[in-house]
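Structure first, then comments.
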Amino acid sequence: MRFKDKVVIITGGGSGMGLAATRLFAGEGAIVAVNDVKEATAAAAVAEVTAAGGRAIAIPGDVSKREVAESSVARVVKEFGRVDILLNVAGIATIQPAETYDAWDRITGVDLDGPFYWSQAAAAQSMLPNGSGNIVNVSSLAGHVAYPGDVGYIAAKAGVLGLTRSLAIEWARKGIRVNCVSPGFTDTQIIRDMEAIDPNRFAERKKRIPMARAAQPEEMAKAMAFLASDDASYITGVILNVDGGQLALSSGWSPA
Ligand SMILES: NC(=O)c1ccc[n+]([C@@H]2O[C@H](COP(=O)([O-])OP(=O)(O)OC[C@H]3O[C@@H](n4cnc5c(N)ncnc54)[C@H](O)[C@@H]3O)[C@@H](O)[C@H]2O)c1
């Protein structure tokens, strides 16, 4: 029960690793505010938590809109008094060549503007006045190294690494820790959608994961929980790679 009575906001909390985090945090005693752009998905996550005896509310909305971040955080603060933990998990990806890429605003809006707007709102409305808070962002292996076909995602996820470090040092003396989980291949909808576009490319890609398997979303949720917990009380500004050894293999060689 590491998160007993903690008030936790999870963006993209309705599916994939966000849903795994919703289950984990609620299971360890947190009150979870589940954001998702898909209203029904957020509502289903809340219903599941409530049925299991946990506490959760849905705060649906598009993370890329600043006013949604501000009003959602305001609602949580009004209802529960504060925000202890913010997990910026929502994200989208695409596959398009750079020369005709038309998804830039949408992808960078969700994947980079979103985490900034929500961090700013949570800090301003609760964490800074309370002198206490905890933020975990979700970047990607793609924030460290590139692959062809999603220039906006790769730029945005690299931006999340800088956002994490920047907020961590600005708020280190104000009681707020800011860290980042950087997932490798994880078995969720975002990957299934991309796989459907080009199955062969993904099959080949998976063979090059040193641990020879994709991650499960629960493995990402556990990493987020560690960083958000008191077990990580002296950790801030850290990028935790949870990638089955993939970043260690950026040498061009095949795994052994
Ligand atoms: N799955 C992977 O292999 C992988 C690898 C590296 C990083 N990531 C990152 O992990 C995070 C979670 O993705 P996932 O793998 O669980 O995928 P997912 O598609 O299962 O979950 C993403 C969730 O975000 C929600 N969402 C999308 N746009 C939104 C918006 N504008 N506002 C609010 N919610 C929105 C979706 O509805 C969905 O519930 C993303 O940031 C993604 O970029 C995933």
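Suppose the filter is open to solvent by 20 Å² or more (accessible area, probe 1.4 Å) and either farther than 19 Å from residue 19 by Cα or in contact with an Asp or Glu (Cβ under 6 Å, 6 or more places away or on another chain) (or both); does residue 94 pass it? Steps first, answer last, please.
Working: open to solvent by 20 Å² or more (accessible area, probe 1.4 Å): yes; either farther than 19 Å from residue 19 by Cα or in contact with an Asp or Glu (Cβ under 6 Å, 6 or more places away or on another chain) (or both): yes.
For residue 94, the condition - open to solvent by 20 Å² or more (accessible area, probe 1.4 Å) and either farther than 19 Å from residue 19 by Cα or in contact with an Asp or Glu (Cβ under 6 Å, 6 or more places away or on another chain) (or both) - is met.
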Sort out which residues of region 177-214 are more than 15 Å from the chain's Cα centre (by Cα) and of a type in the set (Gly, Ala, Ser), and write them in order of number.
-> 196, 203, 212, 214
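Every residue, every condition in (1) away from the ligand (no atom under 11 Å from the Cβ); (2) open to solvent by 10 Å² or more (accessible area, probe 1.4 Å); (3) under 17 Å from the mean Cα position of the chain (by Cα); (4) of a type outside the set (Val, Ile, Thr), yes or no:
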{"position": "116", "(1), (2), (3), (4)": "yes, yes, yes, yes"}
{"position": "120", "(1), (2), (3), (4)": "yes, yes, yes, yes"}
{"position": "129", "(1), (2), (3), (4)": "yes, yes, no, yes"}
{"position": "136", "(1), (2), (3), (4)": "yes, no, yes, no"}
{"position": "142", "(1), (2), (3), (4)": "no, no, yes, yes"}
{"position": "149", "(1), (2), (3), (4)": "yes, yes, no, yes"}
{"position": "153", "(1), (2), (3), (4)": "no, yes, yes, yes"}
{"position": "164", "(1), (2), (3), (4)": "yes, no, yes, no"}
Inside region 166-205, can you point out the residues that are of a type in the set (D, E, K, R) and within 13 Å of the ligand (Cβ to nearest atom)?
-> 187, 192, 193, 195, 205
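Just wondering, is there one or more residues in region 158-167 that are closer than 24 Å to residue 201 by Cα and touching a helix residue (DSSP H, G or I) at 6+ places or on another chain (Cβ under 6 Å)?
Quick first cut of region 158-167, residues closer than 24 Å to residue 201 by Cα only: 158.
Still in the list and also touching a helix residue (DSSP H, G or I) at 6+ places or on another chain (Cβ under 6 Å): 158.
Yes, there is a match, as at least one residue in region 158-167 is closer than 24 Å to residue 201 by Cα and touching a helix residue (DSSP H, G or I) at 6+ places or on another chain (Cβ under 6 Å).
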Could you grab me the full set of residues in region 231-247 that are touching a strand residue (DSSP E or B) at 6+ places or on another chain (Cβ under 8 Å) and under 20 Å from residue 186 (Cα atoms)?
-> 239, 240, 241, 242, 243, 244, 247
Which residue out of 165, 192 is free of Cβ contacts under 8 Å to residues at least 60 places away in the same chain and either of a type in the set (D, E, K, R) or within 27 Å of residue 10 (Cα to Cα) (or both)?
-> 192
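Any idea which of 108, 100 is hydroxyl-bearing (Ser, Thr, Tyr) and exposed (fewer than 15 other Cβ atoms within 10 Å of the Cβ)?
On the way: 108 fails: exposed (fewer than 15 other Cβ atoms within 10 Å of the Cβ).
None of the other options fit; the residue is 100.
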Could you give me the residue pairs with C-beta distances under 8 Å whose first residue belongs to region 219-237 and is among the aromatic types (Phe, Trp, Tyr), whose second residue is surrounded by 15 or more Cβ atoms within 10 Å (Cβ to Cβ) and in a helix (DSSP H, G or I) wherever it lies, and which are 6+ apart or on separate chains?
-> 226/232
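Take the residues in region 134-148 that are among the small types (Gly, Ala, Ser) and part of a loop (DSSP other than H, G, I, E, B), then tell me which one is nearest to residue 233 (Cα to Cα). Spell out how you get there, then give the answer.
Step one: of region 134-148, the residues among the small types (Gly, Ala, Ser) are 139-140, 142-143, 146.
Narrowing the set further to residues that are part of a loop (DSSP other than H, G, I, E, B) leaves 139-140, 146.
Details: 139: 21, 140: 23, 146: 32 Å.
Filtering region 134-148 for residues that are among the small types (Gly, Ala, Ser) and part of a loop (DSSP other than H, G, I, E, B), the one nearest to residue 233 (Cα to Cα) comes out as 139.
So for region 210-219 (the condition being open to solvent by less than 10 Å² (accessible area, probe 1.4 Å) and either modelled with pLDDT of 95 or more or within 11 Å of residue 139 (Cβ to Cβ) (or both)), does at least one residue qualify?
Within region 210-219, the subset open to solvent by less than 10 Å² (accessible area, probe 1.4 Å) is none.
No, every residue in region 210-219 fails to be open to solvent by less than 10 Å² (accessible area, probe 1.4 Å) and either modelled with pLDDT of 95 or more or within 11 Å of residue 139 (Cβ to Cβ) (or both).
From 31, 10, which residue is open to solvent by 10 Å² or more (accessible area, probe 1.4 Å) and within 19 Å of the chain's Cα centre (by Cα)? Break it down into steps so the answer makes sense when it comes.
Working: 10 fails: open to solvent by 10 Å² or more (accessible area, probe 1.4 Å).
Only one candidate qualifies: 31.
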Would you say residue 253 is surrounded by 19 or more Cβ atoms within 10 Å (Cβ to Cβ), aromatic (Phe, Trp, Tyr) and over 20 Å from residue 16 (Cα atoms)?
-> no
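The values are calculated or read from the model by the stated rules, or taken from the named source; none is laboratory data. All figures in this text were calculated on a predicted structure; none of them were measured in a lab. Glycine also receives a Cβ, built like all others from the backbone with ideal geometry; neighbour counts cover every protein chain displayed. Please note that ligands, DNA and RNA were not included when accessible areas were found on the heavy atoms of the full protein model with its side chains. Shrake-Rupley method; radii C 1.70, N 1.55, O 1.52, S 1.80 Å.
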